[in-house]
Amino acid sequence: MEKVLVLNGSFCEIPLIECAHKLGYYVITTGNAPHLVGHTYADEYIPADYSNKEEILALVKKNGIRHVISCANDFGVITAAYVAEKMGWQGHDTFQNAKLLHLKDQFKEYLAKKGIPSPTSIVFSDAASAKKYLDTAEYPVIVKATDLTGGKGIMKATCVQEGYLAVDNAYKMSRSEHIVIEPFLTGMQQTFVAFLQGKRVVSYTGCNSYSPINPYLIQSETLPAEQLADVAEELCRTVEFIAKDLDLADGIFAFQLIRNGKRFYIIEMMRRPFGNQFLQLVEDNTDFPWHMAQVITQTGGDSATLQRIAQKRAFCGHHGIMAPQNGTLVRYSIPEDIEQHVYKKIVMCEPGEKIENCMNERIAYIFYEYESLEEMNRAVLTFNERISVVMEPSCEG
């Protein structure tokens, strides 16, 4: 039985592990968090830092592993590409392309060079130069660490003083100590996700993204995106252009973007499964088996042989229930008129457990389905007000 390594074992990787098992692989997970639930779905867990490409390469060689599957994290994509390149395996982009696409400074430079719509970004490798630029910048701006995901290392600044704080925050959190500064754009935030086969888009959808609590962390998503048809053709052309220009492997290709009517500006991109099992929503909303296709592709197979599936849900989404403050969770409750639309729930925090970072941690994820996009989008905007969360505050001092 061939061994496949899945980088990390959070709940996000469970569908990938299950697909690998269906294909007959012996699944090994890794990562430096042995308590994660995904490891219990694997045949074996071997501790290692999946962001350390040399450590993972050594693990692969020592344990006779034949394939590697990236996790729901950009560092995982970069490591998987490096290991695959060193081992001569198919199904992954080159290491250079993985870095270009997943490091914000390199990706923004590429977009500018190719004339693809994106905010004009300036890259800085030292805090002093960044702060000097901010002395005469036009505000508001957004400051980002180049190598982090999930909203970490990102702050908006409306004046010089806020800009200095944002620079210090980004540099403190960035592993590479590189940041980008760009204009802050207003508009609807959306995600466009496509699957590539032979550098052609064979399936796609999109979602609205809502971040009411932490503006840099998406809390709710609804599929399909509003007015997706207005930009889908151009976005597909853009994905296919990049795939051909860089000679990319088959697999997932996603943009995060800001929409103003029919105009869009790309702010991020990913070539990986998303966190929070978002890809399950994508699979439910389309007629394509995304998880299985990704596993087949990254293990060197041809996903074009897969049969289409029936669309399960025309209008669906998910929402991360978050606490109003740090402390111990007492209980949470979902009103019946919301609960009746919920078809899946992933519990992240049980009563009696602690929330230490209420701006990032989730208590639970709810997956919901509605009869219309309009009804769903209206309802989602009320979830934070109507889902009750009772906390026992942390004691200070």
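The values are calculated or read from the model by the stated rules, or taken from the named source; none is laboratory data. Only a predicted model underlies this, so the values are computations on that prediction, with no experimental measurement involved. Neighbour counts are summed over all protein chains in view; Cβ atoms, including those assigned to glycine, are modelled from backbone coordinates with ideal geometry.
For the stretch 374-394, the condition of being among the basic types (K, R), outside any loop (DSSP other than H, G, I, E, B) and over 24 Å from Q189 (Cβ atoms) holds for none of the residues.
Mind checking which residues of the stretch 177-202 are of a type outside the set (D, E, K, R), closer than 15 Å to A130 by Cα and not in a strand (DSSP E or B)? Correct list: H178 only.
Take the conditions (1) at pLDDT below 95; (2) farther than 23 Å from A254 by Cβ; I46 misses just one of them, which is (1).
May I ask you to list the residues in the stretch 354-371 that are surrounded by 12 or more Cβ atoms within 10 Å (Cβ to Cβ) and part of a loop (DSSP other than H, G, I, E, B)? Residues satisfying the conditions are C358, M359, N360, E361, R362, I363, Y370.
Yes/no matrix, rows are residues, columns are (1) modelled with pLDDT under 95; (2) out of contact with any Asp or Glu (no Cβ under 8 Å at 6 or more places or on another chain); (3) not acidic (D, E):
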| site | (1), (2), (3) |
| --- | --- |
| N63 | no, yes, yes |
| D74 | yes, no, no |
| I78 | no, yes, yes |
| E85 | no, yes, no |
| D105 | yes, yes, no |
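Here T205 fulfils each of the conditions (1) out of contact with any Cys (no Cβ under 9 Å at 6 or more places or on another chain); (2) crowded, with 20+ Cβ neighbours inside 10 Å; (3) under 30 Å from L134 (Cα atoms) apart from (3). Scanning the stretch 104-138 for residues that are surrounded by fewer than 20 Cβ atoms within 10 Å (Cβ to Cβ) and in a loop (DSSP other than H, G, I, E, B) yields G115, I116, P117, P119, T120, S125, D126, D135, T136, A137, E138. Apart from one condition, A170 fits all of (1) assigned to a helix (DSSP H, G or I); (2) at pLDDT 90 or above; the exception is (2). Among the residues of the stretch 218-239, the ones that are out of contact with any His (no Cβ under 8 Å at 6 or more places or on another chain), crowded, with 18+ Cβ neighbours inside 10 Å and in a loop (DSSP other than H, G, I, E, B) come to 4 in all. Scanning the stretch 323-332 for residues that are within 27 Å of the chain's Cα centre (by Cα) and either surrounded by fewer than 15 Cβ atoms within 10 Å (Cβ to Cβ) or at pLDDT below 95 (or both) turns up P324, Q325. Selection over the stretch 276-314 of residues that are buried (at least 19 other Cβ atoms within 10 Å of the Cβ) and either touching a Phe, Trp or Tyr at 6+ places or on another chain (Cβ under 9 Å) or in contact (Cβ under 8 Å) with a residue 24 or more places away in the chain (or both) gives a count of 23. Residues considered: A81, A112. Of these, the only one that is under 21 Å from M292 (Cα atoms) and of a type outside the set (V, I, T) is A81.
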